[in-house]
Structures are given as structure tokens and as C-alpha cells.
Amino acid sequence: MVFREFGVLCDGENMQKGEVTAASMAAAAALSSSLYRVPAYRGRYKAQRFSSAFANLWSPDHQRVSSDDLYVTLNLDHHSGIGFKSKSSYQYGLFSAAIKLPTNNSAGVAITFYTSNNGIYKHNHDEIDFEFLGVLPGEPFVVQTNVYGNGSTSIGREQRFHLWFDPTIDFHHYSILWTPNHIVFSIDGVPIREMKNSKELGVQYPSKPMSVYGTIWDASTWATEGGKYKIDFRFSPFSATYKDLVLHGCMQGPHSYVEENIGDLDMEEIYSNCNLQDSTNDSPIFDNFLTYDQEMGLQWKSVGHTLSGKGSSGGTM
């Protein structure tokens with residue numbers, strides 16, 4: 001069986017065996033123009049100016065914003081890590097960032113891009129995570145995805161994947177699509193994980209407004225091979241740079257949004273009256289399903305790059 005992906009042939013038999021062929025690697029590059037055209041966000045969805053859309057969470061001296069306000073570099077050293085948070089919260093949306101990860105020996109380092117409302121809901125929060133786990137020199141970077149719904153990870157526990165490229169050499173786009181119907185994680189346009197909503201999930205499906213975060217911090221206790229390898233601060237500072245920050249979602253106001261108001265909201269009404277900051281007629285947040293090409297990308301990823309077993313997550317910061 002052979003799959004044709006945008007003119008690139010992938011050997012289906014080798015995919016089933018878990019072998020990543022040269023053709024399937026080439027297919028990844030072709031597929032990167034598929035899912036919501038992530039690399040084309042600069043033309044489709046305007047990148048946010050960092051200072052207008054985000055606020056520092058801690059250690060502002062470990063943050064460097066570019067002169068055009070479109071890049072931000074986060075630094076981790078033996079003194080501290082750093083984090084930022086969107087100034088608005090969102091009820092569903094498409095959130096994306098192009099990120100360049102730390103070079104050298106990054107064992108024990110965790111870099112994140114995620115949505116959460118943990119600051120408001122201490123015991124029943126929602127969260128959708130990308131976590132990039134540092135590695136020893138020469139080892140492939142690991143990306144971990146998590147989904148929390150109403151404080152539970154029983155429906156979206158972490159899944160880990162090997163990246164099929166070196167994320168320290170150049171920027172790559174990482175996006176979270178969150179709709180009432182499904183959650184899709186994608187990298188350079190290739191879907192790596194989809195979680196579908198259903199009546200059975202009920203309140204365990206993320207449904208409350210969330211803010212968007214980026215952080216870098218010391219996760220030596222769990223990040224690299226379950227905590228076997230700790231951070232070696234001789235290689236610090238560890239730097240992660242974010243750009244092309246896209247916040248295409250249903251805006252719900254500042255992140256100080258009070259909890260008592262949320263419980264009275266009708267979720268379907270919120271969705272139907274979505275206040276998009278950059279409205280578009282073909283917004284992916286109104287999509288219900290992956291296309292055939294996206295499904296093929298998801299299959300390619302799951303066969304060649306999913307790590308067996310579950311990691312031990314220390315959570316986001």
C-alpha cells in the first residue's frame with residue numbers, strides 16, 4: 001500500500017513496521033503545508049507583538065524582547081527560569097508559536113508552550129500542553145503533550161514523541177487547536193495528536209477560558225529519562241526563543257477574569273458568538289474533523305515517532 005502525500009510517496013508497509021523511510025521523512029516536509037498552513041500564519045493570522053499580548057510572570061531580567069517586539073528569548077540559569085502569560089483569556093482557539101530550543105547539553109530543562117486556567121481553578125483546572133524535554137548531546141529531542149480537563153488527566157494523559165528534526169538549529173511551528181469538537185496538536189503543520197470530545201467525557205473535556213503561556217525551567221527531577229540526568233549549569237544559560245506568536249481565539253477578556261462569572265456562561269452561546277481578534281471566514285476553530293491528508297499525517301507520526309509508555313510529568317510552571 002502506498003500513500004500519496006502532496007506528491008510525495010510514503011511506503012505504507014514500512015509505516016506499519018514502524019520504519020521511517022527517506023520518503024516518509026520527505027512527506028513530513030510536504031505535510032507541513034497541510035494542517036491549517038501553520039508556517040503561513042504570518043500571512044493568514046497576524047503575529048502578536050509580545051509586549052501588547054503577553055506579560056512576564058517572573059524573573060523579567062531573564063527575558064529579552066527584540067527591538068521589533070516580535071521575538072522573545074527566555075533564559076534559564078542557576079538563579080532562575082522565566083515565564084510569560086497572555087494578557088487575555090480565550091474560549092477555544094488556535095494558538096501557535098515558532099520556537100527555537102536550547103543547544104548543547106539540555107538534560108533536565110523543560111520548555112513549554114501551553115494553555116491553562118490553573119490560576120483561577122486550583123482544583124479543577126483545564127490545560128493543554130506542549131512540553132519540550134531536554135536531552136543529552138546527540139539524542140533526539142522529546143516533545144510531551146498533556147491534556148487536563150476539569151482537573152483530571154484520565155482522558156488526556158501525557159504522550160511523548162521524538163521530533164523528526166533538530167529543533168535547536170532553526171525555528172519550528174508548534175500549534176494547539178482547541179474547539180468544542182476536538183483538540184489537535186501539530187508541529188510544522190503535521191498533526192501529532194488529536195483528542196476528540198464526546199458525551200462520555202462530559203466535564204473532563206477542557207471547556208473553561210484559558211490563557212496562553214510560555215516557560216523555561218529546571219525540571220531535573222523528571223524531564224530527562226525520569227530524572228536520571230540533571231541540569232548541568234556549566235552549559236547555561238539555556239535559551240529558548242519564541243516568535244510568530246499567534247492568538248487566534250474567542251477572547252474572553254483579561255486573565256483576571258473572575259470564576260463566578262464563568263459558571264453561568266452557556267458554552268454553545270460563547271462558541272456561536274465567538275469574538276475573534278482577527279476574524280476569518282475559514283477559521284480552523286470552526287472545523288469539526290481532520291481532513292484526509294491530516295489523518296495521513298497523524299498516522300505517519302504515530303507509527304514512526306511515538307514513544308512507547310508514558311512519561312512521568314512534573315507538570316508545567
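Here, each number is a calculation from the coordinates, and none is a lab measurement. Remember, predicted model here, so these are calculated numbers, not experimental data. Quick reminder, even Gly has a Cβ in these numbers, built from the backbone with ideal geometry, and neighbours come from all protein chains shown.
Only counting other Cβ atoms within 10 Å, I'd like Asp166, Asp232 sorted with the fewest neighbours first.
So the residues, fewest neighbours to most, are Asp166, Asp232.
Explain nothing, just compute: Karplus ³J(HN,Hα) = 6.51 cos²θ - 1.76 cosθ + 1.60, θ = phi - 60°, for every residue of the stretch 128-145 in order, whole Hz, x for Gly and Pro.
Couplings: 9, 10, 9, 10, 9, 9, x, 9, 6, x, x, 8, x, 5, 10, 10, 10, 10 Hz.
Can you work out ³J(HN,Hα) from phi for every residue in the stretch 209-222, in order, using Karplus 6.51 cos²θ - 1.76 cosθ + 1.60 and θ = phi - 60°, giving whole Hz and x for Gly and Pro?
These are the phi-based 3J(HN,Hα) values: x, 10, 9, 10, 10, x, 8, 9, 7, 7, 10, 4, 6, 8 Hz.
Can you give me the distance in nm between label points at Asp61 and Glu200, each placed 7 Å from the Cα along the Cα-to-Cβ direction?
In this crude label model, Asp61 to Glu200 measures out at 5.3 nm.
Take the residue pairs Lys46/Lys87; Lys87/Lys243; Lys122/Lys243 and return only those whose Cα atoms are more than 25 Å apart.
Exceeds cut-off: Lys122/Lys243.
Give me, ordered by chain and number, the residues 5 or more places off Phe141 or on other chains with an amide H under 5 Å from its own placed amide H.
Leu163
Give me, ordered by chain and number, the residues 5 or more places off His125 or on other chains with an amide H under 5 Å from its own placed amide H.
So His125 has HN proximity to Gly151.
Under a 5 Å amide H to amide H cut-off, with H placed in plane at 1.01 Å, what residues pair with Gly189 once short-range neighbours are removed?
Long-range HN contacts for Gly189: Val38.
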